[in-house]
Structures are given as C-alpha cells and as structure tokens.
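Structure record follows, encoded as structure tokens.
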Protein chains: 2
Amino acid sequence: MQALWLEDKTLTFRDDVPVPSVPPGSVLVRVRLAGICGTDLELAKGYYPYRGVPGHEFVGEVVEAPGRSSWIGHRVVGEINIACGICTACRTGLRAHCEERAVLGMVNHDGAFAEYVSLPLENLHRVPQSLPDEAAVFTEPLAAALQIGHQVPVRPTDRVLILGAGRLGQLIAQVLALTGCDLQVVARHETQQALLAGCNITPITEDAVPCHKMDLVVEATGSPRGFALALQAVRPRGKIVLKSTYRGSLEVNVSSIVVNEITLVGSRCGPFASALRLLASGTVDPTPLIVSRYPLSKGLTAFEHASRPGVLKVLLEPTSLLE
Amino acid sequence: MQALWLEDKTLTFRDDVPVPSVPPGSVLVRVRLAGICGTDLELAKGYYPYRGVPGHEFVGEVVEAPGRSSWIGHRVVGEINIACGICTACRTGLRAHCEERAVLGMVNHDGAFAEYVSLPLENLHRVPQSLPDEAAVFTEPLAAALQIGHQVPVRPTDRVLILGAGRLGQLIAQVLALTGCDLQVVARHETQQALLAGCNITPITEDAVPCHKMDLVVEATGSPRGFALALQAVRPRGKIVLKSTYRGSLEVNVSSIVVNEITLVGSRCGPFASALRLLASGTVDPTPLIVSRYPLSKGLTAFEHASRPGVLKVLLEPTSLLE
C-alpha cells in the first residue's frame, strides 16, 4: 500500500508498505483523512526514535473486522494508545498510561499516514453520520484539548490565559471559551489572531501577558519561553496546565512554584466521546483551521507546508480520488 | 533587648537590639521558646538578602496589647505572613500570598530569635493551657505539614512516599500516617530512621524508591536529587507535593510531567488552628524531635548544632532562667 515511512529521521513516500496485519480483537481501517500535528513534525525531525508509518489523527472506514462484521463500512476515529489490558495502569482504568503501550504512529505501531491502519476494536469510536470527515479528523486533538477540563475545574469566573494559538491552542481556546471564562490567548501569527477573533476570543501579544494574575494558564507552545511566561502569568495558588512536550530539560525556578503554591498539571490524551459530541452538535467547529489537503503521494510537500510558521492544519487524503 | 541579628550573611548575638515597636492592631509578645528550621539555616548562609532578627517558629506570652488588654498574659503562637489586607490576594482570602506581605524573621519584619517580637493580633492563636511550650513551638511547621492535606486529597488507600525525614519531613510523616495511607519515608540518618520507626512508619533508603508506583510523593529535601527521585517514584496521573524551596533553578524533564500527566503542587504555610488541635489532643507529638535547647546568648552555637547533618529540632530560650 501507499504510506509515508519514517526511518533514521528521514520521511519518505513509499508504495510498497505491507497492509497491516489484523490481530484478534483488531480491525482494518481504510484511512479517509489524516491530520499532521506538531508531534508528527517533531517526530520527523528525530524528536525521538521511531521507525514506521507516522500519523495518529485520522478518520476512516472499517474494511475488515474478523468476527465483528457489524463494524464493516462504519466510519470511525481511533484512540491512539494501544494498551496491554493487564498492567497496573490498565487494571486501574488508566489505559492511556499502560506501561507496555504502543502508540499509533509513534511507538511500535504503524500510523495513519497510509492507505490502511489497524487498531484494536476497543480503541474505535463510530463517527455520527452527519459529521463530515473534515471535522471528524479533529477528534483526537479536540479530545486532547478537552482533557484540560477533565483534569482541572475551569470556572466561568476564572481568568484564563492560553499560551500558543497553533493547531492545538486554537482547539483549546474554542473549548475553554465554552465555559464562559475570561479568556485571553497569546497568538503570534496574523492567521491565528484572525481565527481567534472569528470565535470572539481575544488574541493578545506576549508583551500584554500580566504578572501573577491568571487563575489558569494553559501552556501550548512547547517552548522554554512559553513555560517562563506561564510562571509569570499565573496567580498565587493558580494552576498551569502543560499541553506540550519540550525538547530536553528546562531550567525551572521551582522555588517560585513552592512559594506561590502553584499547581502544575501535565496533560496528554483526552476523551474521544466528548469530542465527538461537541463536533456533532457543531458547538466546536475546527474546520476553519484547515489550510490545505494533499494526496499521500505529496506527503513530503504536505509536511513541508505544515512546518511553516503559523500554518495550522494540513490534511492528507490517503485514499482520495484526487490522486 | 537580646536578639540574634543577621546582616551581610553574618549572624551575631546582640544585647542592644531595640524592643520592637507595637503599631495599632499589633501586640508585643515575650518569646518563651523558638525553633531553628532549615529556612533559618539557609537564610543565615545568604539564601536571600535579609537584614534583621531571624526566627519564625515560636511560642510566647502577650505582654503589651494596646486596646486589647484581654490578650495580656495569654500564651500565643503566630502566623508568619503579615498581610496588607487590601490587595487582590488579601481580598480573595489568600492573606498568606499578600502581594505586599512582610514575613516574620524573613522579609521586612524582625523575628522571634529575640526576647520580644511584635505581630498583628490577627496573626495570633491562643495556645491551650494544657499544651506545653515544647509542643506549641512546633505549631508553625506542623501547620506547614498539614497544608498538604489542605491542598491535595490524601486517601487511606494511597501509596505515599516522603522524601526527606528532617525537621519538616518527620512532621509530614506523622500527619500523613494519620490518614491510614501506605506510607514510606526516605530517611538518611539513623536518628531519623529511629524516630520514624518509633511512630510505626517504615523508613527506606534511596535505593528502595520504586519506579512510577506512588500515588503521592512529598518532596521535603529541597535537593535536586530529591526532585529527581520524586519524578521517578510517582505513578502516571500521580501527584508530587513540593514542601521545600531550592537554591537556584533545577533542570526539569518537563516532558515526563506531560506524558505521565503528573500534577506538581507547591505547598508552603498551613492552618495553625488545625495544628493546635492535633497538638492539644496529643495525636501528633513532635517533642521527640527536640535534640537540644540553648539560651539566646548561645544562639550561634545553637545554629552550628542545628546545621549538623541529621540533627532535628534545636530550640532557643530567649527569656529563660537558664541564662
């Protein structure tokens, strides 16, 4: 099949990648649409070692489901952590933290920048018929945005700051605005600012970040500068949610966290069902983030496009008629 | 009056320090007993600039209370943050985080290693008659230990690790053991281990710290090594409470906090009334931590004693008959 392939920090387009095998309990999904996210770009640059097909944001259609034929033909999205089911984390309901987990397109499991992807049935969520692929493909990052509210109460009276208005920051902004909170978002690029303004969300510049005033700060830049700004902006006893990973270690003034009794919360994958509800109702509309769509054969061009500063969502159409 | 005096990173004993003035709303307290804590030792080494009388753990007796004569003769302990009462933090109930605060013996307010100390009446708590000075002098650090439970739920089923079994670590251990949790404490020194064992608490060595297993880790060493061990020990979605400040910045692997969805909580001063209840009922007995008592004139010797590795609580008796 056609797929993008990552090996030795080099991404290539190949048409000879074997269609994934379908182990018991898993199904085969024909990928209809897949999204490139920041992690994919970092991965392609060798952020950590991975050999295989990248890609973890997708919507597809079940084409093989051994013993579960009722799934065939259904459109699905899929959770990215493939869990063992028997470790302590799995047995205590934390499958996303499975000690032996594979991760779709990232760790020991070929991803969605391919014609076909295989996933355990338990990872799949059916996509409501009314929901177009262009919205459903955002389920994974929207779930990650919703994870903030799953971990930390966000009150309508809270002063909230989001650092970063990229692919994930935009979705976080849309989600947090729904609480009625007093929301500000640091956005560097004009397109980012325009998108926020279109949602009645106030974009601000770094210079306008206040000192020790915000009840909640969401760090979505993944940069040391963003982390430092978060510590500057949060009020005593306030919370910082970290939604991005960072290259290497950061120099952190830990004493200020102690003295100001700050709470720092790491946040990763989130609830797919909730994301699908908000997409299906139209409460969150991520489609204005889409800047371009490419066939899989133009995947390297798509990656180059996605890596330009300020560019939001670039999609891949692995089984499109465009090719 | 007699007092210890800190200036240019040098601690001296003086007998010519003026008795503190008593502004409206404040009272004058004759110090009966004061405790040397880790922060005092760091302060004396120039941890941050302070000029004046150090000392913030004390029990004393009210000797002057303009317009509030009912307080005279009462034994009291005192909260250490002297708040402005009008800033945002004060108006939202966070007086310990007052933006303009002075801090007893640390920031712009002479402390308790003196014959007399002045404090606002609102900072004082009366000491129950049955509670001896030797226990009451631990109210401040015991309150700091109790602040953990104020910020983070500690469940009887939790696996809990405390890093550090010094002055504060011992009190934290006693407090957390009351929850019925599965508690382990990393203790380096034999006296620390013996004290814990006497409270039926399991002391362990650093080598025995598990990987990613603990629901809650309390970091009470203030060392980079302790911080690294906390990140090692905590389970995915677990919590780390930081009870110590650190010199300078730490190199932190922030991505592991994100990927494992760790919550980091800075924790400082705590509830005095709760501490007094646990002391008065005898539920917590801190007096075995006392290793020695010195008159104020021997204060420099007392500091030297307190700074030896593994030494727990050294007390000063500013107005003792011992002198």
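Suppose we compare each residue of the range B:86-108 in its chain alone and in the full protein complex with a 1.4 Å probe; which ones drop by at least 40 Å² of accessible area?
B:Leu94, B:His97
In the range B:268-300, what residues drop by 10 Å² or more in accessible surface going from the chain by itself to the full protein assembly, probe 1.4 Å?
Listed in order, they are B:Arg268.
Around A:Gly198, under 13 Å between beta carbons, what's the net of Lys plus Arg minus Asp minus Glu among the other residues? Kindly include the intermediate steps, with their values, before the conclusion.
Details: positive: none; negative: A:Glu190, A:Asp285.
Charge balance near A:Gly198 sits at -2.
Keeping all protein chains in place, calculate the accessible area per residue for the protein assembly as shown (probe 1.4 angstrom), answer in Å². Could you put the intermediate results ahead of the total?
Numbers: 26040 Å² over 646 residues.
Ligands and nucleic acids excluded, the result is 40 Å² per residue.
Between copies, how far does the label point of B:Arg247 sit from its twins, in nm, shortest first, when each point is 7 Å from Cα along Cα→Cβ?
3.2
Using a label point 7 angstrom from Cα along Cα-to-C-beta, what distances in nm, from shortest up, separate B:Ser69 from the other copies?
The projected label point of B:Ser69 is separated from its counterparts by 9.8 nm.
Once the Cα gyration tensor of the protein assembly as shown is found, what semi-axes does its equivalent ellipsoid get, as square roots of 5 times the eigenvalues, in whole Å, sorted largest first? Numbers along the way, then the final one.
On the way: eigenvalues 629, 131, 78 Å².
Those come to 56, 26, 20 Å.
If you find the alpha carbon centre of the range A:195-265 and of the range B:277-323, how far apart are they in angstrom?
Spelled out, the Cα-based centre of one part sits 41 Å from the other.
Given only helices, namely DSSP H runs of n ≥ 4 each adding -39500 (n - 2.57), what is the per-residue ellipticity at 222 nm of chain A, to the nearest 500 deg cm²/dmol? It would help to have the intermediate numbers written out before the result.
On the way: 10 runs with 81 residues, N = 323.
After summing the helix terms and dividing by the residues of chain A, the value is -7000 deg cm²/dmol.
Taking the full set of protein chains and a 1.4 angstrom probe, give the accessible area of B:His150 in square angstrom, rounded to the nearest 10.
120
For the interface of chains B and A, what total accessible area is buried with a 1.4 Å probe, rounded to the nearest 100 Å²?
Values: alone 14560 and 14540 Å², together 26040 Å².
What B and A bury together is about 3100 Å².
How far is A:Arg225 from the same spot in each other copy, in nm, shortest first, if each label point sits 7 Å from Cα toward Cβ?
3.8
For the range B:96-229, which whole percent of the accessible surface, found with a 1.4 angstrom probe, sits on carbon and sulfur atoms? Kindly include the intermediate steps, with their values, before the conclusion.
On the way: 2550 of 5220 Å².
Summing carbon and sulfur atoms, their accessible area is 49 percent of the total for the range B:96-229.
If you take every DSSP beta bridge fully contained in chain B, what fraction is antiparallel? Give it as a percent rounded to 5.
On the way: 30 of 56 bridges.
Beta bridges within chain B, antiparallel portion: roughly 55 percent.
For the pairs A:Lys9/B:Lys213; B:Lys45/B:Lys298; A:Lys9/A:Lys239; A:Lys9/A:Lys243; A:Lys45/B:Lys239, flag any whose C-alpha to C-alpha distance is greater than 27 Å.
A:Lys9/B:Lys213; A:Lys9/A:Lys239; A:Lys45/B:Lys239
Under a Cβ-Cβ cut-off of 9 Å, what is the net charge of the residues other than A:Val265 that fall near it, where Lys and Arg count +1 and Asp and Glu count -1? It would help to have the intermediate numbers written out before the result.
Working: positive: A:Lys239; negative: B:Glu261.
Neighbourhood net charge equals 0.
At what distance in nm do the modelled label points of A:Ile86 and A:Ser249 sit from each other, each positioned 7 Å from its Cα along Cα→Cβ?
Computed distance between label sites A:Ile86 and A:Ser249 equals 3.7 nm.
Could you work out which residue, out of A:Arg32, A:Arg225, A:Arg155, moves most in a Gaussian network model of chain A, that is, has the largest mean-square fluctuation with Cα springs under 10 Å?
A:Arg225
Please report the projected area of the range B:145-266's Cα convex hull averaged over all directions, in nm².
Details: hull surface 27.2 nm².
For the Cα atoms of the range B:145-266, the hull's average projected area reads 6.8 nm².
With springs only between Cα atoms under 10 Å apart, run a GNM on chain B and tell me which of B:Ala177, B:Ala208, B:Ala145 wobbles the most.
Greatest mean-square fluctuation among the candidates belongs to B:Ala208.
Counting only protein chains, not ligands or nucleic acids, how are A:Arg235, A:Arg95 ordered by accessible area (probe 1.4 Å), most first?
Details: A:Arg235 60, A:Arg95 90 Å².
In descending accessible area the options line up as A:Arg95, A:Arg235.
Could you sort A:Arg308, B:Arg237, B:Arg91 by their accessible area in this structure, using a 1.4 Å probe and putting the largest first? Before the final figure, lay out the partial values.
Working: A:Arg308 110, B:Arg237 75, B:Arg91 165 Å².
From most accessible down to least: B:Arg91, A:Arg308, B:Arg237.
Taking H placed 1.01 Å from N in the peptide plane, check which residues at least 5 places from A:Ala102 or on another chain put their amide H under 5 Å from its amide H.
A:Ile82
Provide a whole-number value for the mean count of partner chain Cβ atoms within 10 Å of the Cβ atoms in peptide B:23-34.
Details: counts 0, 0, 0, 0, 0, 0, 0, 0, 0, 0, 0, 0.
For peptide B:23-34, the averaged partner shielding equals 0.
Leaving ligands, DNA and RNA out of it, rank B:Ser26, A:Ser307 by accessible area with a 1.4 Å probe, largest first.
A:Ser307, B:Ser26
Taking the Cα centroid of the range A:28-47 and of the range A:133-184, what is the distance between the two, rounded to the nearest whole Å?
Result: 21 Å between the Cα centres.
The values are calculated or read from the model by the stated rules, or taken from the named source; none is laboratory data. Quick caveat, the model's predicted, so the values are computed rather than measured. Cβ coordinates were reconstructed from backbone atoms using ideal geometry, including for glycine residues, and neighbour counts include every protein chain displayed. What goes into the accessible areas is simple: the full protein's heavy atoms, side chains included, and nothing from ligands, DNA or RNA. Shrake-Rupley method; radii C 1.70, N 1.55, O 1.52, S 1.80 Å.
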